[in-house]
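Read through the structure below, which is laid out as structure tokens, and then see the notes.
Please treat every number below as a calculation from the coordinates, not as lab data. What you are looking at is a predicted structure, and each value in this text was computed from that prediction instead of being measured.
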């Protein structure tokens, strides 16, 4: 997968006749792709964070259960 800027360069550099409207159109496409990439990266990061948080929470709950269930007689 290419970044928005890499894709922009691939699309604009081959143009022998540089027209402002064409460049503007390519910039808009690149910005939209960049936005999608940032959103997807955030979603993936959030999912990873949630997964780690859930796992940590389960470990804490399991430890608490163990302490309450099996360490009742300890002082």
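Per DSSP H run of at least 4 residues, take -39500 (n - 2.57); add these up for the chain, divide by its residues and hand me the 222 nm value, nearest 500 deg cm²/dmol. My calculation for the chain gives -29000 deg cm²/dmol from helical runs alone. Going by the alpha-carbon gyration tensor, a ≥ b ≥ c the square roots of its eigenvalues, is segment 4-68 rounded (a/c under 1.5) or, if a/c is not under 1.5, prolate (a/b greater than b/c) versus oblate? Verdict is prolate for segment 4-68. Net length available on complete extension from residue 1 to residue 29 is 8.6 nm, with 0.36 nm assigned per residue and the Cα-Cα distance removed. Computed from Cα atoms, the angle from the helix 20-70 axis to the main principal axis of the chain rounds to 10 degrees. Computed extension gain for residue 12 through residue 50, at 0.36 nm per residue and net of the alpha carbon distance, reaches 9.7 nm.
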